[in-house]
Amino acid sequence: MTVHQDEHPDRFRSNGFTTHAVTNQPAPLAPYDLFGSDLPLQQALEREGGAWARPQVAVFGPIAGGEMMALGVLANENKPKFRPFDRYGNRIEEVEFHPAYHRLMALGTHHGVSNFNWHHADRDGANVARAALFYMHCQADQGTCCPLTMTYASVASLRLSPHLAQDWLPRITSDIYDGAAIPAWLKAGNTIGMGMTEKQGGSDVRANTTRAFAVGAEGPDELYELVGHKWFMSAPMCDAFLVLARTEAGISCFLTPKFAPGGDPDAPQLNAIRIQRLKDKLGDHSNASSEVELQGALGWMLGEDGRGINVILEMVALTRQDCALGSSALMRQALVQAIHHARERQAFGKHLVQQPLMQNVLADLALESEAAMALSLRLARAIDASRHDPHQAAFARLATAIGKYWICKRCAPFVNEAQECLGGAGYVEESMLPRLYRQAPLNSIWEGSGNIQCLDVLRCLAREPLSRVAFFDEFKDLHGHYAALDATLKELLALLADHANLEIRSRYIVERMALALQTALLIRGGDARAADAFCRSRLEGAHGLAFGTLTPDAPLAYLIERAY
């Protein structure tokens with residue numbers, strides 16, 4: 001027999017007691033202002049030369065922390081779908097996205113995530129401001145950051161072919177996003193993807209087998225026909241792609257539009273880029289990645305014939321910057337989620353944030369997060385200054401690989417530690433942290449894994465002596481501030497002089513270089529307590545192998561309050 005509560009109330013409550021009163025749960029975090037609540041970001045923006053852009057950057061904070069947070073949930077819950085054919089059997093190569101994805105792309109494009117620095121190229125600090133915008137966008141949604149990054153970064157490669165740049169750059173740098181499946185030249189704004197890696201080569205793009213054959217008349221508008229495959233074609237819904245293919249002269253780079261150039265403008269035809277499948281990825285669910293075949297796809301050569309790797313590396317240098325920024329953003333958002341929970345949740349008679357051991361964990365995470373963001377924005381300033389300062393250009397080439405290696409490497413354990421701060425709730429999808437955790441390994445893999453970055457550091461030091469000078473110049477006014485920093489720099493000089501063991505020890509070397517740079521940046525940041533805690537824990541060795549192992553004299557409560 002079924003017993004109903006209203007028939008036998010005494011069986012369900014006694015003296016006003018109910019079985020499911022919700023207590024001791026944090027209030028929802030969003031919406032909130034991602035910029036106004038982030039003091040370290042505000043200070044870094046000013047320190048690295050972007051203070052003049054603060055009004056534009058600040059406007060984006062409440063949007064990224066409000067509407068975009070909700071959109072990020074929807075875009076990740078509704079993965080893109082591949083529609084190869086229409087109902088009649090015509091090949092359409094369509095990737096269908098939830099409206100939330102398109103809205104995220106439109107907001108990011110409009111507010112400068114893909115173009116701010118190109119609109120203000122004459123002003124120092126423009127790339128720093130753009131980095132701050134990207135840092136906030138990536139906290140709300142990571143998948144849309146991929147096409148926004150590639151669109152932003154493609155400008156550097158396209159400029160090597162002025163005749164193509166004149167036509168394409170006004171649309172690529174536009175603040176208008178248009179997701180319609182029509183030819184690029186009919187849109188006000190374009191997005192750019194890339195196709196480098198192949199099954200047999202991966203990071204070794206010199207092993208690529210895709211071929212390019214010249215067709216049509218010679219000259220700046222000469223077309224090439226591309227035949228081959230790409231194991232990863234990032235963001236296959238973009239309007240055009242930078243693709244590597246082999247000519248008689250070697251690996252070259254081609255701008256390959258989604259719609260075939262030179263056809264009937266009234267009846268445009270898809271280019272011969274055939275999507276084989278969308279990748280079923282660990283994370284990055286709002287974005288599409290694909291495997292494609294190039295069945296005679298038409299494209300224009302960028303830069304010199306046989307110099308395609310150098311051409312696309314102009315783009316890769318900027319996408320690697322965004323890998324560091326993206327991992328910094330993931331860490332920041334995971335930290336915010338953890339602190340918010342700890343400030344409102346009670347256990348053992350106190351709020352979690354008042355418990356000494358939890359304070360140690362949160363303070364340690366706060367240090368790591370600020371140091372990652374500081375190095376990312378310093379890198380953005382170096383890239384910004386590269387156009388007129390050879391010293392900064394050399395530093396940027398070296399520090400890009402250092403930052404990409406170390407910051408991305410720290411992201412996954414960081415996010416997992418933040419999950420632990422929430423306990424079981426941090427393992428539940430509604431908390432956002434599982435999405436951040438699935439996303440966390442991506443940036444360490446994309447655009448060259450950890451070993452590639454370390455080898456790039458060694459290559460840069462060997463081929464460009466100015467990069468070594470630029471690195472050590474970062475510390476020339478800091479000698480004597482911290483004995484541990486002085487000792488680390490001395491250790492690095494010895495390690496770099498041991499040529500026989502450079503490669504096998506390169507991960508350790510790059511790690512120490514990154515920690516030294518982060519220490520210097522925190523010192524220059526002017527917050528002595530944060531700089532001292534970072535130096536003691538990361539350089540002196542007064543720290544364990546896990547987060548939450550700061551020494552008892554570290555200013556734990558202060559570091560947490562500074563972070564949030």
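The values are calculated or read from the model by the stated rules, or taken from the named source; none is laboratory data. Model, not experiment: these values are computed from the prediction. Here the Cβ is made from the backbone with ideal geometry for all residues, glycine too, and neighbour counts use every protein chain on show. When the accessible area is computed, the model is the full protein with side chains, heavy atoms only, and any ligands, DNA or RNA have been set aside. Shrake-Rupley method; radii C 1.70, N 1.55, O 1.52, S 1.80 Å.
Yes or no: Asp280 within 23 Å of Val227 (Cβ to Cβ) and open to solvent by 30 Å² or more (accessible area, probe 1.4 Å)?
No: the conditions fail for Asp280.
Of the residues Ala393, Ala399, the single one that is more than 17 Å from the chain's Cα centre (by Cα) and either surrounded by 18 or more Cβ atoms within 10 Å (Cβ to Cβ) or in contact (Cβ under 8 Å) with a residue 40 or more places away in the chain (or both) is Ala393. The residues of the range 404-443 that are open to solvent by 20 Å² or more (accessible area, probe 1.4 Å) and touching a Phe, Trp or Tyr at 6+ places or on another chain (Cβ under 8 Å), listed by number, are Ala412, Pro413, Asn416, Glu417.
If I filter the range 195-211 for residues that are without any contact (Cβ under 8 Å) to a residue 12 or more places away in the chain, among the acidic types (Asp, Glu), under 20 Å from Gly308 (Cα atoms) and open to solvent by 30 Å² or more (accessible area, probe 1.4 Å), do I get at least one hit?
yes
Taking the range 141-169 as the range and being surrounded by fewer than 19 Cβ atoms within 10 Å (Cβ to Cβ) and charged (D, E, K, R) as the test, the residues that pass are Arg159, Asp167. Scoring Glu447 on the criteria (1) of a type outside the set (S, T, N, Q); (2) open to solvent by 20 Å² or more (accessible area, probe 1.4 Å); (3) outside any helix (DSSP H, G or I) leaves a single failure, condition (2). For the range 176-194, the tally of residues that are touching a Ser or Thr at 6+ places or on another chain (Cβ under 7 Å) and buried (at least 17 other Cβ atoms within 10 Å of the Cβ) stands at 6.
Condition test on Phe547, is it touching a Pro at 6+ places or on another chain (Cβ under 9 Å), within 22 Å of Leu375 (Cα to Cα) and at pLDDT 95 or above? Taking the combined requirement at face value, the residue satisfies it. Anything in the range 283-301 that is open to solvent by less than 40 Å² (accessible area, probe 1.4 Å) and either among the polar types (S, T, N, Q) or closer than 30 Å to His137 by Cα (or both)? List them, or say none. Matches in the range 283-301: Gly283, Asp284, His285, Ser286, Asn287, Ala288, Ser289, Ser290, Glu291, Val292. Asn127 satisfies every condition listed in (1) within 25 Å of Gln276 (Cβ to Cβ); (2) at pLDDT 95 or above except (1). Summed over the range 38-81, the residues that are under 24 Å from Asp122 (Cβ atoms), buried (at least 24 other Cβ atoms within 10 Å of the Cβ) and of a type in the set (Asp, Glu) give a count of 1.
Given the condition among the β-branched types (Val, Ile, Thr), open to solvent by 60 Å² or more (accessible area, probe 1.4 Å) and within 30 Å of Leu313 (Cα to Cα), answer yes or no: does some residue in the range 496-519 qualify? The answer is yes, given that some residue of the range 496-519 is among the β-branched types (Val, Ile, Thr), open to solvent by 60 Å² or more (accessible area, probe 1.4 Å) and within 30 Å of Leu313 (Cα to Cα). Filtering the range 495-545 to residues that are among the small types (Gly, Ala, Ser), more than 16 Å from Ile407 (Cα to Cα) and touching a residue at least 60 places away in the same chain (Cβ under 8 Å) leaves Gly525, Gly526, Ala530, Ala533, Ser537. Residues in the range 450-477 that are in a helix (DSSP H, G or I) and open to solvent by 70 Å² or more (accessible area, probe 1.4 Å): Asn451, Arg459, Ala462, Arg463, Pro465, Arg468, Val469.
For the range 309-324, the count of residues that are without any contact (Cβ under 8 Å) to a residue 12 or more places away in the chain and surrounded by fewer than 20 Cβ atoms within 10 Å (Cβ to Cβ) is nonzero.
For the range 235-285, a residue qualifies if it is of a type in the set (Asp, Glu) and either at pLDDT 95 or above or closer than 27 Å to Asp204 by Cβ (or both), and the qualifying residues are Asp239, Glu248, Asp280, Asp284. Among the residues of the range 529-564, those identified as basic (Lys, Arg) and either open to solvent by 50 Å² or more (accessible area, probe 1.4 Å) or on the phi > 0 side of the Ramachandran plot (or both) are Arg529, Arg536. Within the range 333-356, the residues that satisfy the criterion of being under 24 Å from Pro434 (Cβ atoms), open to solvent by 10 Å² or more (accessible area, probe 1.4 Å) and in a helix (DSSP H, G or I) are Gln337, His340, His341, Arg343, Glu344, Leu352, Val353.
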